[in-house]
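The structure appears right after this line, and notes come after that.
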Amino acid sequence: GQLMMMEEKVHFVAPESRFHPAFWESLYENVLGKYRVVDMSYIAKEGDSNALTKCISRIQSKIMPVITVPISCSAGETDRSGSEFFEFTGSSFDSMKIDGNNFFHTGHLYLTNTIEEFRDLDKQALLEAVGIENIRNNIINKNAISSPNVLLSFVLLVFADLKQYRFTYWFGVPAILPNMPFLYAQPNRHESTGTESLKHKLMLLKEMVRDRDRMASLEVSEQQSLEDKDHKEWVETESAPIGDMVEVDNLGRRMVLQIYQHLRKALSDAALCSKMQCVFALRSDVDDECSTECIAETGVMSLEDAWPVRHHRSIYIVCFDRASAQSAFGWPVRNLLAMLAIHAGEQKDNVRIIGLRGKLARKIARAFADPAESGPLLTDPWTDEFILSEDESIVASVNINGSSFPANMDASAVQPRLRVVGWETNERMKPGPRVADLSGVLSSELLSSQAVDLNLRLMKWRMWPDLDLERLGKTRVLLLGAGTLGCAVARTLLGWGVRLLTLLDGGSVSFSNPSRQSLFEFADCERREKKAVAAANALKRIYPGMQASAVVMNIPMPGHPQDENTLRSALLKLETLIAESDVVFTLTDSREARWLPTVLCAAHNKQLINAALGFDSYLVMHHGRPSPAAPPVGCYFCSDVVAAGNSQRDRSLDQQCTVTRPGLAFTAAALATELMVALLNSSGEEEMPHQIRGSFRDFSQIKLQSPPFSHCTACSLAVVDRFRPELSDEASRVALLRQVCEDPVTLESLSGLQTLLAAVDLDLCVESDDEF
């Protein structure tokens, strides 16, 4: 009797993932800035895939981002096992670039907030839910026929430990299992002609041959072989009598050449390139009975066009296959066979599958994914020898007769439960998650940059979703004074993400400074380092990404005469610095040093924040309108009835130095910085404090509002207009400044304060005070 051949199962190479560090960097940024807190807890509570299926769309549409992987992303690399790789890069989150491109696989990223949620999540139920939603439904409604790339939708489950830069993840590509395994086709005794070499096995496409007529004469066979040596060979077969030869046609070589010539044509034609799919069909010339009414005359066609005659033995379904294992198809073929089996109906027949492999196939797939790479590829000479040497495609005939699926397979069906596989194995080759630890890969500068802003970005998750961190990072801040207050404000601004900072101070670090001024140390005192320079360098040592610059100069002050050239240089420099800044802090020791910055900030319409210290009291206030809707407020000098003068004259040492309680500066600096952040993030509708006054004597604090004073020596229009560059020339501004520095009373006359005081009966004011 005839020996029956054992049925051989079709094997598939499971996909593996590769992640570039740039992918995890992008994920880090997206988790902090976009995804934030996600709610996956109800998934863990659900017990079966049916319930998961109902909520999977809501998860994807409301919370989870779509990430993409190009079909050519593995760049042709495979490991020794022949696995195919899904390679994730920093651009995997760019969904815009795949619009209309069929050579990208898409999937969904699922995030958990804690490692416990990741561990407790029902992974199999999640995979089944994704398989039903993304795979089965697209097969049932036949979307996968026109867009076969949806058959490789993937899932990536991740817990991101943002503090340790560790990402625990599990990657999977859901594949629907049939009730019985797919089998290679058995020899068919009723098939009079065909590819006998293709039966019951997987083989290289270019080695596939088909039998021709048996020849009785070796001489005739030799003559015929010489005539058609390119596509015909003469071989001795096991089934032929001894001495007989069989003419064979190298059909596979012709099919390889036909496929690649069509792909080359598609690459050079933008219209064809846009329509190209990762799965298509090829019509071979296996016989002369093929109906041209059913099958297009061209050799290569879309899967959609070939679908009505997909079981015809002249039709081969071609799929880009990144795996390299010689005994198995890549993972893309698995769901493709499932789709063919589900739609087989009563027809029980074989389908012929070609896995397109080799260096040239991988280059072509990359070119379809990124048309920019097609240029160099098209310049290569595509000779027959070149194509065949670069091709490693495989082919097999698969019997779907025993690969049945449940009869009730409409999209609304939830029973019976489908079996889905596809989770990647870990490094020990067992089912389980993997870990990507970037702490040893990323540069120290990058780690520092991300860690510095971590606290701020976490605020946006729940506490302050509308916090504008981008605006804070771009805000240009000028600190006038780099002493006790200046150092404390600079450190607090660093914590708030301010990166553009200029410090102005004319003094040097003394031995009494480091104990109270947090940016200085003993070495700065020994070198007599300038305060602005030492503070800027300290900030950059704390955080290398800080763009801190130093300006060494003294601010012109009323009552402090200087020569005209020095005043001109100082005035022009200060005007430039204020015009280029968004927010200005005045943090000087003396009152009179605040006068010129107050005038210039009003002239240039800049937000000004003052912080001043007494022995046990502090004042924090702002001047300038944060929005047009905000009411005008007074400046630092609006409550004075005399012009600022030389406060250092005729003073003892304890009066010349700023003698304050050590904790006072940190409190005032914190309030000043927080006030700036609140103003920058204000919509203009909420009420902002104008002044914050506090005392450590009784630990009290009050908020005050005061309107502008029309005769103020600093912010009144009579004074401010004289310092507006568009209303007053440089010489006039310098002349007025010199006059004020020599005689501060000039300001009282210019602002109209003298006239106002002359009209006031001070005796009545005193009597009124006594009565009150």
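Restricting segment 407-424 to residues that are surrounded by 13 or more Cβ atoms within 10 Å (Cβ to Cβ) and over 18 Å from ASP122 (Cβ atoms) leaves a set whose member that is modelled with the highest pLDDT is MET409. Against the list (1) buried (at least 22 other Cβ atoms within 10 Å of the Cβ); (2) among the hydrophobic types (A, V, I, L, M, F, W, C); (3) assigned to a strand (DSSP E or B), the condition ALA361 fails is (3).
Taking the listed residues PHE723, PHE696, PHE709, the one that is open to solvent by 50 Å² or more (accessible area, probe 1.4 Å) and either hydrophobic (A, V, I, L, M, F, W, C) or under 37 Å from the mean Cα position of the chain (by Cα) (or both) is PHE709, with no other qualifying. Here GLY684 passes the criteria (1) part of a loop (DSSP other than H, G, I, E, B); (2) at pLDDT 90 or above except the one numbered (2). If the condition is being without any contact (Cβ under 8 Å) to a residue 40 or more places away in the chain and either in contact with a Phe, Trp or Tyr (Cβ under 7 Å, 6 or more places away or on another chain) or of a type in the set (Gly, Ala, Ser) (or both), then segment 485-514 contributes GLY507, SER508, VAL509, SER510, SER512, ASN513, PRO514. Close contacts from segment 86-114, counting a first residue that is in a strand (DSSP E or B) and a second that is at pLDDT 80 or above and aromatic (Phe, Trp, Tyr), with Cβ to Cβ under 6 Å and a gap of 6+ residues or different chains, come to PHE88/PHE19; PHE88/PHE23; GLY107/PHE154; THR112/PHE118; THR112/PHE159. For beta carbons closer than 7 Å, sequence separation of 6+ or different chains, a first residue in segment 731-750 that is open to solvent by less than 30 Å² (accessible area, probe 1.4 Å) and a second that is of a type in the set (Phe, Trp, Tyr), the qualifying pairs are ARG733/PHE723.
Taken over segment 148-190, the criterion of being within 28 Å of LEU27 (Cβ to Cβ) and surrounded by fewer than 16 Cβ atoms within 10 Å (Cβ to Cβ) is satisfied by ASP161, LYS163, GLN164.
A count restricted to segment 428-467 and to residues that are at pLDDT 85 or above, over 12 Å from GLY33 (Cβ atoms), assigned to a loop (DSSP other than H, G, I, E, B) and over 17 Å from the mean Cα position of the chain (by Cα) stands at 8. Out of segment 589-625, which residues are of a type in the set (Gly, Ala, Ser), farther than 17 Å from SER706 by Cα and in contact with a helix residue (DSSP H, G or I) (Cβ under 7 Å, 6 or more places away or on another chain)? Hit for segment 589-625 is ALA603, nothing else. Residues in segment 498-520 that are under 40 Å from the mean Cα position of the chain (by Cα), assigned to a loop (DSSP other than H, G, I, E, B) and either under 21 Å from LEU574 (Cβ atoms) or of a type outside the set (A, V, I, L, M) (or both): 5 in all. Apart from one condition, LEU675 fits all of (1) open to solvent by less than 70 Å² (accessible area, probe 1.4 Å); (2) farther than 21 Å from LEU480 by Cβ; (3) in contact (Cβ under 8 Å) with a residue 60 or more places away in the chain; (4) not in a strand (DSSP E or B); the exception is (2).
Where residues in segment 523-543 are outside any helix (DSSP H, G or I) and among the charged types (D, E, K, R), which of them is least open to solvent (accessible area, probe 1.4 Å)?
GLU529
Filtering segment 585-636 to residues that are within 24 Å of LYS573 (Cβ to Cβ) and part of a loop (DSSP other than H, G, I, E, B) leaves LEU587, THR588, ASP589, SER590, ARG591, HIS604, ASN605, LYS606, GLY624, CYS635, TYR636.
Counted as qualifying within segment 237-332 are the helices (runs of 4 or more DSSP H) with 1 or more residues that are modelled with pLDDT of 75 or more and over 20 Å from ARG366 (Cα atoms), namely 251-268, 303-306. With respect to the conditions (1) farther than 27 Å from PHE167 by Cα; (2) part of a loop (DSSP other than H, G, I, E, B), LEU485 lacks only one, and its number is (2). Within segment 368-393, take every residue that is of a type in the set (Gly, Ala, Ser) and over 22 Å from LYS206 (Cβ atoms) and give me the one that is most open to solvent (accessible area, probe 1.4 Å). In this case the residue turns out to be ALA372. The residues of segment 561-607 that are within 43 Å of the chain's Cα centre (by Cα), over 14 Å from ARG733 (Cβ atoms) and surrounded by fewer than 17 Cβ atoms within 10 Å (Cβ to Cβ), listed by number, are GLU580, ASP582, ASN605.
Does VAL633 qualify as being open to solvent by less than 50 Å² (accessible area, probe 1.4 Å), at pLDDT 80 or above and over 42 Å from the mean Cα position of the chain (by Cα)? It is true that VAL633 is open to solvent by less than 50 Å² (accessible area, probe 1.4 Å), at pLDDT 80 or above and over 42 Å from the mean Cα position of the chain (by Cα).
Hey, does segment 521-533 have a residue that's under 30 Å from SER26 (Cα atoms) and touching a helix residue (DSSP H, G or I) at 6+ places or on another chain (Cβ under 9 Å)? No, segment 521-533 contains no residue that is under 30 Å from SER26 (Cα atoms) and touching a helix residue (DSSP H, G or I) at 6+ places or on another chain (Cβ under 9 Å).
The values are calculated or read from the model by the stated rules, or taken from the named source; none is laboratory data. These figures come from a predicted structure and were not determined experimentally. Positions of Cβ are generated from backbone atoms using ideal geometry, with glycine treated the same way; all protein chains shown enter the neighbour counts. To get the accessible areas, we keep the full protein, side chains included, count just its heavy atoms, and leave off ligands, DNA and RNA. Shrake-Rupley method; radii C 1.70, N 1.55, O 1.52, S 1.80 Å.
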